[in-house]
1. Which pairs do you get when a residue that is more than 21 Å from ALA160 (Cβ to Cβ), found in region 64-81, comes within reach of a residue that is polar (S, T, N, Q), reach meaning Cβ atoms under 6 angstrom, with the pair 6+ apart or on two chains?
2. Given the conditions (1) open to solvent by less than 60 Å² (accessible area, probe 1.4 Å); (2) touching a residue at least 12 places away in the same chain (Cβ under 8 Å), which single one is not true for ALA146?
3. May I ask you to list pairs of residues, at least six apart or on different chains, whose Cβ atoms are under 6 Å apart, with the first in region 1-19 being open to solvent by less than 50 Å² (accessible area, probe 1.4 Å) and the second being aromatic (Phe, Trp, Tyr)?
4. Which of the residues spanning region 78-99 are open to solvent by less than 50 Å² (accessible area, probe 1.4 Å) and not aliphatic (A, V, I, L, M)?
5. Can you tell me how many residues within region 28-62 are surrounded by 13 or more Cβ atoms within 10 Å (Cβ to Cβ), in contact (Cβ under 8 Å) with a residue 40 or more places away in the chain and outside any loop (DSSP other than H, G, I, E, B)?
6. For region 75-95: of the residues being within 13 Å of the chain's Cα centre (by Cα) and not in a loop (DSSP other than H, G, I, E, B), which is nearest to ALA132 (Cα to Cα)?
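The values are calculated or read from the model by the stated rules, or taken from the named source; none is laboratory data. Remember, predicted model here, so these are calculated numbers, not experimental data. With ideal geometry, Cβ positions are generated from the backbone for all residues, glycine too; neighbour counts draw on all protein chains shown. Surface areas here come from the heavy atoms of the whole protein model, side chains and all, with no ligands, DNA or RNA. Shrake-Rupley method; radii C 1.70, N 1.55, O 1.52, S 1.80 Å.
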Amino acid sequence: MALRAGPDALVLQGAEAGAHRGSLVNVDRPDQDRPLRALLAAVRRRTLVPLVAAGGVGGPEEVVELLTRGADMVAAGTAFLRCPESGAPVALKAALADASRTRTAVTRSFSGRRARALVNAMVQEHPGAPAAYPEINNATRPLRAAAARKADVHHMSLYAGTGFSRAAARPAAEVVGWLVSGLPQ
């Protein structure tokens, strides 16, 4: 469908990406969680339109690998969350650095839409949250706002991609330099 619209480029969001899924629908499908590398290969076989690979990019080796596999550009998100320029809550920045946090999960518990987040009590207590956006989003908004005010990481939406453990508290320009450090000069 996207190719029929004649895009200048396509952004491919792999299952590893943090936050909400970039989907036009909010239903479960068997192929909804395609890993970035498989998605990139499948789309590259169908088009020569420039492709931007996004999802779980945690370091320079992923950048090099994705470009080698056919991406024209690579986008990173979670890698920048701990930067001083980031507007992310301090509690989220601390949670990303917390060595006891070892995994993320895709959940509907915060908004009723599928989103990848660090596993916390909210994710664990509501594994079967319904596909009910905006209803769940509206119902949980006061809880999430109160949790954010109290820096309660057990009930905040801690959106992050699978490469979260490599996010560093350094300026964004340094993160960019690090991410591209594996590319030929």
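1. none
2. With respect to (1) open to solvent by less than 60 Å² (accessible area, probe 1.4 Å); (2) touching a residue at least 12 places away in the same chain (Cβ under 8 Å), ALA146 is out only on (2).
3. GLY18/TYR159; ALA19/TYR159
4. Correct list: THR78, CYS83, SER86, LYS93.
5. 6
6. THR78
Residue-by-condition table, conditions (1) within 20 Å of ASP98 (Cα to Cα); (2) open to solvent by 30 Å² or more (accessible area, probe 1.4 Å):
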{"residue": "GLU125", "(1), (2)": "no, yes"}
{"residue": "PRO134", "(1), (2)": "no, yes"}
{"residue": "ALA151", "(1), (2)": "yes, yes"}
{"residue": "HIS154", "(1), (2)": "yes, yes"}
{"residue": "GLY161", "(1), (2)": "yes, no"}
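Conditions tested, residue by residue: (1) within 30 Å of ALA132 (Cβ to Cβ); (2) of a type in the set (Asp, Glu).
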{"residue": "VAL11", "(1), (2)": "yes, no"}
{"residue": "GLU16", "(1), (2)": "yes, yes"}
{"residue": "GLY22", "(1), (2)": "yes, no"}
{"residue": "LEU39", "(1), (2)": "yes, no"}
{"residue": "LEU48", "(1), (2)": "no, no"}
{"residue": "GLU61", "(1), (2)": "no, yes"}
{"residue": "GLU65", "(1), (2)": "no, yes"}
